[in-house]
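The values are calculated or read from the model by the stated rules, or taken from the named source; none is laboratory data. This one's a predicted model, so the numbers in the text were calculated from it and none came from an experiment. Cβ placement follows ideal geometry from the backbone for every residue including glycine, while neighbour counts extend to all protein chains displayed.
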Amino acid sequence: MHSGKNIRNIVALLLGVGGAASLAMAAESANLLDEQVFFDELPVVVTVTRLPQNYIDVPASVTVIDRRMIEASGVSNIPDLLRLVAGFQVAHVAGNRWSATYHGMSDEYARRLQVLVDGRSIYSPDTGGVDWANLPLALEDIDRIEVLRGPNGVTYGANSFVGVINIITQHPSVVAGVFAKVEVGEREHRRGVLRYGGRMGDLDYRLTLEQRSDDGFDDTVDKDELVQYRDDRQASKVTLRGEYRAGINDYLSMQLGANIAANGYGYYDDVFVPDAVADNWNHYQQLKWRHVRSSDEEFELQFYHNYSDTDSAYKTAKVSELLGVDPVLVPLYLGVPDQRVDVDFSTLAERYDLEFQHRLRLTPALRLVWGAEARFDQVISEGYLTRMEPVENRLYRLFTHGEWRPAPDWLVNAGVMAEHNDFVETNYSPRLSLSRYLNSNTALRVSYTTAYRTPAVLEEYADHAAHFELDRSLANQEWWSHGGLDAERISAWELGLVGRSDTDRVRYDLKLFREELRDLIATPIDLDFHERFSSPINCDPEYGYPGWCQATVFENMSYADVEGFEAQVQLRPEERLGISFGFSQAYATGWFVDRLNPEDGEPAWKYVPSTTLSLLVDHRASSGWETSVGLYQVSNMKFWAEVSVTTMDLRLAKRFKSTAGEGSVALVARDIGGEYYDFQDYWVVTPSLYLMLEYKI
Amino acid sequence: MSDSGHIARIRPFRLTLCLGLILLAHVSSVAVAEELIVIGDVKQTYFQSFLAGLSDDADIAKRYGDPVTVDIAGIAALEKRKATSTIVTIGNSAARRIHSLNKSGLIVHALMTEGMLDEFRKENACIECSHAVLLVEQPVERYLVAIKAALPGKSRLGIVYGPQSERHAPQMHMLAQRYGLSLVEKNISEQSELRVALTELLPQVDVLLALPDQMVVNSDTARTLILDTYLHSVALVGYSSSMVKAGALMAIHSTPSQLGKQTASLLLKNKSDASHSGKGYIYPDDFDVSINYQVARVLGISLPDEAVLRQAVMQQGAQ
């Protein structure tokens, strides 16, 4: 029995040792480098822009806002980041709306910028502007923003009139794991972000949820009257991005996103524009296939669909209240019973877009990109267009751009885009740029380009009117367009100096520029508007209400010449310290028509700020403390009111690590320079405090 | 008797003699030709390229004729082969399988890795003591010579070690000092740690050297490595041409054909002179320098022609 037990013990021991040895051998095999590693193929990695170029080779002025700058700025809204770009102005139309523009000349619908998110154009076909508030995109998902300052129709087509904003989101593989962020702040500001990044085989994906709400601006006093504008908002957003490596050099990118929002507008206790809510539901789908044949050649095919449905309508008080008269007099004045007036801004806009692109190197000195695009835009808006049937615009583009090095110290960039659409037929946008390298890190650049902006649906087909609620007859014409507008046109010359230090810790881009803007679509108020009226409204100013016979119209009547100097400098003297400086000095001549019958206007210089400045300094200590200061200044310019802005933001944060992950807590003080308005003189931005907590596992 | 009659009598004899000599020569050549067996994964492209480089050598063809190729899966049949066959193994698996058969005779283990040598040593088998070993890896010093020759202004070197490459750390410390490079190192034990390691390391370096390590460099991590180094304006130097094609700045590597030619030289030297480095195994003599000029342009780096740089590395390495 003893021998049997011993045998069992020996067998158990041998099994245990053998098992351990097997495990050890398996572990060792896993650590053993195999010769095949030296001959395996690896997937070719493509780099950033449409035609990957050295910073110094790009034929335009470019500002890059990277992830570090995004965090250091302490902002909670994407358009606020654009203040960091030389020559940009960002205005708060209200607490829940923004207008971002380059070199001024804008109103609440800044519509001369092309804005892309991972290659998908997001400007609205109805207004031509960007609905920043309802954009399904979390700030935390942005990897960087590349801003091309100047016309870029040759590469990105219509609406790339004064510049292009290229928002690039983070690749899912970079944000693997769980991330959560919470913000609380003044005016009931609440924002939460939850993101998960994961992997299934060759598919990397990230899912982001965002929920936010706030009360908008504080009430203000205008001409001794309390102004209680409703600009609160609530929004829920979800985005999904998947990156699938279909083969060794084939990449499939899929994105989905949706946004549900309720944005307040109007005035509390107001008879004309009472407080109301604009409900927005928008979503998008995007599919992109990229095939990389080699580091010198690749193809790309992209399809996307944007959909936006805004339900926004309200009723005014009764006409007697609007006019301040006894109700029995309303039929006498207007020929209609006393009743309320319906105003409708509801709009449904859709875009379908298919684009093909081919990049290749023809010779060691010549690279080329060419492509084609087809787009279908559709807008349905009974309120804005007074028609139920959709307005459609089909667009077709062919483009090509080449980079040629005739000699080691010279670089030529040349390209052209031909674009045809239903509104303005065919236009050609060329560019020619010549760079001379002073050394390997510095280049002098001279360039010329032309771009066009097709009228937006609203500009071409506007028929926005208020109607009496009882019989839907016309109460007042708000906007009107006779159609047949020409495309706006811009020609731009630049003389630039771009360079960087040997260590790449300093980058600078300086330029002298001149822009000629022609056929700008003005929005003057026609003081004697009769074209649409067939109602019994009496337009005689002696008897009628003067405002009834006025309407905002759309005409190619304005023009401007803008010239000046711009500088964008980014420094990292050491890894812990970052400095970004943007400066623009601009002089404008020209004329902006703002009245008809009789015609009148204002000089263009009123709409172009002479000076725009931004400075962001951030420091990251090894102890985990981070501090940053942002200074922003815009000299006199006119949006709706004449504005001038000087403001400062501060951010203090502490990073921490735990066994599970890492995070940070930050205190942000915005606009601590004092109250100011940057769009209309009674929508005032006030100092505010925010607390942010984020954690990732 | 006439001359034509004399000639008529001699011709048949000369003819027979010539034919006999020819036959004898043929039989002799057949009799002295040795068998060369090349063992490896015959489906792999590098196997075929290696074989082409090996067979290209005229002396090899004369001595061995056409090599016999044997797939690893059919290696058991070799036990029946005559013991005097000359054997060339390609790769770690073939080396291990042949070792288990305990064959004698002339054997050259080509395209082995240093890690495989260590494995044998752990089993008390000094494979390089009795056979010639041609490694597939470059000597790590060659990478530093190339970096100094190509990127003279860049002195901050970074390396991320995985479990297969951490063995080089002590030698790297010494070499970095010798070549005046400041060294920043990170170690990872899981692939998921790579990104954090790069985030911490890249801001501190000008050049990232990717040593052969399947945890650090593979089809999953390639994008991270190449994009992150690009975005930090760090030059990525690697060990294979596919890394350069994928987006690395430069690589030092030996092609299978070059290794085949060097194996041919080993065979002809009869292995007795196998020691190049004094350790019983040898590194590749011949190598290529591959450069991605597009990446170089984007990084603002001016590099000479690949052949010029290769020559410079060879000359500096010989000093």
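Here's the yes/no breakdown for (1) touching a helix residue (DSSP H, G or I) at 6+ places or on another chain (Cβ under 9 Å); (2) modelled with pLDDT under 95:
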residue: A:L385; (1), (2): yes, yes
residue: A:M388; (1), (2): yes, yes
residue: A:R394; (1), (2): no, no
residue: A:F399; (1), (2): yes, yes
residue: A:G402; (1), (2): no, yes
residue: A:P408; (1), (2): no, yes
residue: A:L411; (1), (2): no, yes
residue: A:M417; (1), (2): yes, yes
residue: A:D422; (1), (2): no, yes
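Of everything listed in (1) modelled with pLDDT under 90; (2) farther than 29 Å from A:R514 by Cβ, the single unmet condition for A:Y109 is (2). Looking at B:Y179, is it out of contact with any Cys (no Cβ under 8 Å at 6 or more places or on another chain) and at the interface with another protein chain (Cβ under 10 Å from one of its Cβ atoms)? Here the answer is no, as B:Y179 does not meet what is asked. Among the residues of the range A:647-671, the one identified as exposed (fewer than 14 other Cβ atoms within 10 Å of the Cβ) and of a type in the set (V, I, T) is A:T659. When you check B:Y230 against the structure, is it crowded, with 21+ Cβ neighbours inside 10 Å and hydroxyl-bearing (S, T, Y), yes or no? It is true that B:Y230 is crowded, with 21+ Cβ neighbours inside 10 Å and hydroxyl-bearing (S, T, Y).
Each row is one residue, and each column tells you yes or no for (1) farther than 21 Å from A:D463 by Cβ; (2) among the aromatic types (F, W, Y); (3) over 25 Å from the mean Cα position of the chain (by Cα).
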{"site": "A:L323", "(1), (2), (3)": "yes, no, yes"}
{"site": "A:L334", "(1), (2), (3)": "no, no, yes"}
{"site": "A:L360", "(1), (2), (3)": "yes, no, yes"}
{"site": "A:V379", "(1), (2), (3)": "no, no, no"}
{"site": "A:V391", "(1), (2), (3)": "no, no, no"}
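Looking across the range A:561-588, not a single residue is more than 14 Å from chain B (Cβ to nearest Cβ) and not in a strand (DSSP E or B). Taking the conditions exactly as written (surrounded by 14 or more Cβ atoms within 10 Å (Cβ to Cβ), farther than 30 Å from A:Y314 by Cβ and more than 14 Å from every other protein chain (Cβ to nearest Cβ)), does A:G383 satisfy them or not? Answer is no for this residue.
Filter the range B:224-247 down to the residues that are facing chain A (nearest Cβ under 9 Å) and of a type in the set (A, V, I, L, M), then identify the one that is farthest from B:D213 (Cα to Cα). The selected residue is B:L231. Restricting attention to the range B:147-176, the residues that are under 25 Å from B:A307 (Cα atoms), within 14 Å of another protein chain (Cβ to nearest Cβ) and out of contact with any Gly (no Cβ under 8 Å at 6 or more places or on another chain) total 4. For the range A:591-617, the set of residues classified as surrounded by fewer than 17 Cβ atoms within 10 Å (Cβ to Cβ) and acidic (D, E) consists of A:E599, A:D600, A:E602, listed by residue number. Every test in (1) touching a Phe, Trp or Tyr at 6+ places or on another chain (Cβ under 6 Å); (2) at pLDDT 90 or above; (3) crowded, with 17+ Cβ neighbours inside 10 Å is passed by A:L301 save one, and that test is (3). Residues that are within 27 Å of A:I380 (Cα to Cα), small (G, A, S) and within 17 Å of the chain's Cα centre (by Cα) do occur in the range A:132-139.
When restricted to residues that are closer than 20 Å to A:S173 by Cα and surrounded by fewer than 20 Cβ atoms within 10 Å (Cβ to Cβ), the range B:155-200 contains 10.
There is no residue in the range A:280-288 that is modelled with pLDDT under 95 and of a type outside the set (A, V, I, L, M). Consider the range B:298-318 and keep the residues that are within 12 Å of chain A (Cβ to nearest Cβ) and of a type in the set (A, V, I, L, M, F, W, C). The one that is farthest from B:Y179 (Cα to Cα) is B:V298. Restricting attention to the range A:242-279 and to residues that are of a type in the set (D, E) and out of contact with any helix residue (DSSP H, G or I) (no Cβ under 6 Å at 6 or more places or on another chain), the residue that is modelled with the highest pLDDT turns out to be A:D279. In the range A:602-697, counting only strands (runs of 3 or more DSSP E) that sit wholly within it, the ones holding 1 or more residues that are closer than 30 Å to A:G590 by Cβ span A:611-620, A:625-638, A:642-657.
The set of residues from the range B:300-314 being within 15 Å of A:D504 (Cβ to Cβ) and crowded, with 19+ Cβ neighbours inside 10 Å comprises just one member, B:I301. Filtering A:D311, A:D275 for residues that are within 23 Å of A:V341 (Cα to Cα), of a type in the set (D, E, K, R) and touching a Ser or Thr at 6+ places or on another chain (Cβ under 7 Å) leaves a single hit, A:D311. Given the condition touching a strand residue (DSSP E or B) at 6+ places or on another chain (Cβ under 6 Å), at pLDDT below 90, within 19 Å of A:A466 (Cα to Cα) and not hydroxyl-bearing (S, T, Y), answer yes or no: does some residue in the range A:323-339 qualify? Scanning the range A:323-339, I find at least one residue that is touching a strand residue (DSSP E or B) at 6+ places or on another chain (Cβ under 6 Å), at pLDDT below 90, within 19 Å of A:A466 (Cα to Cα) and not hydroxyl-bearing (S, T, Y), so the answer is yes. Within the range A:274-296, the residues that satisfy the criterion of being within 14 Å of chain B (Cβ to nearest Cβ) and over 22 Å from A:I168 (Cα atoms) are A:R293, A:S294, A:D296.
Within the range A:244-303, being aromatic (F, W, Y) and over 19 Å from A:N96 (Cα atoms) holds for A:Y244, A:Y251, A:F272, A:Y284, A:W289, A:F299, A:F303. Within the range A:327-351, the set of residues being in a strand (DSSP E or B), of a type in the set (V, I, T) and over 30 Å from A:Y284 (Cα atoms) comprises just one member, A:V341. Give me a count of the residues in the range A:34-85 that are touching a helix residue (DSSP H, G or I) at 6+ places or on another chain (Cβ under 7 Å), at the interface with another protein chain (Cβ under 9 Å from one of its Cβ atoms) and at pLDDT 85 or above. Total meeting the criteria: 2.
Residue-wise test of (1) of a type in the set (D, E, K, R); (2) on the phi > 0 side of the Ramachandran plot; (3) surrounded by fewer than 23 Cβ atoms within 10 Å (Cβ to Cβ); (4) in contact with a helix residue (DSSP H, G or I) (Cβ under 9 Å, 6 or more places away or on another chain).
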position: B:A95; (1), (2), (3), (4): no, no, no, yes
position: B:I98; (1), (2), (3), (4): no, no, no, yes
position: B:N102; (1), (2), (3), (4): no, yes, yes, no
position: B:L106; (1), (2), (3), (4): no, no, yes, yes
position: B:M112; (1), (2), (3), (4): no, no, no, yes
position: B:E119; (1), (2), (3), (4): yes, no, yes, yes
position: B:V136; (1), (2), (3), (4): no, no, no, yes
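If you check B:E123, B:E193 for being touching a strand residue (DSSP E or B) at 6+ places or on another chain (Cβ under 9 Å), more than 10 Å from chain A (Cβ to nearest Cβ) and modelled with pLDDT under 90, only one passes: B:E193.
Conditions (1) part of a strand (DSSP E or B); (2) buried (at least 20 other Cβ atoms within 10 Å of the Cβ); (3) aliphatic (A, V, I, L, M); (4) within 14 Å of chain B (Cβ to nearest Cβ), marked per residue:
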position: A:L226; (1), (2), (3), (4): yes, no, yes, no
position: A:A235; (1), (2), (3), (4): yes, yes, yes, no
position: A:R241; (1), (2), (3), (4): yes, yes, no, no
position: A:M254; (1), (2), (3), (4): yes, no, yes, no
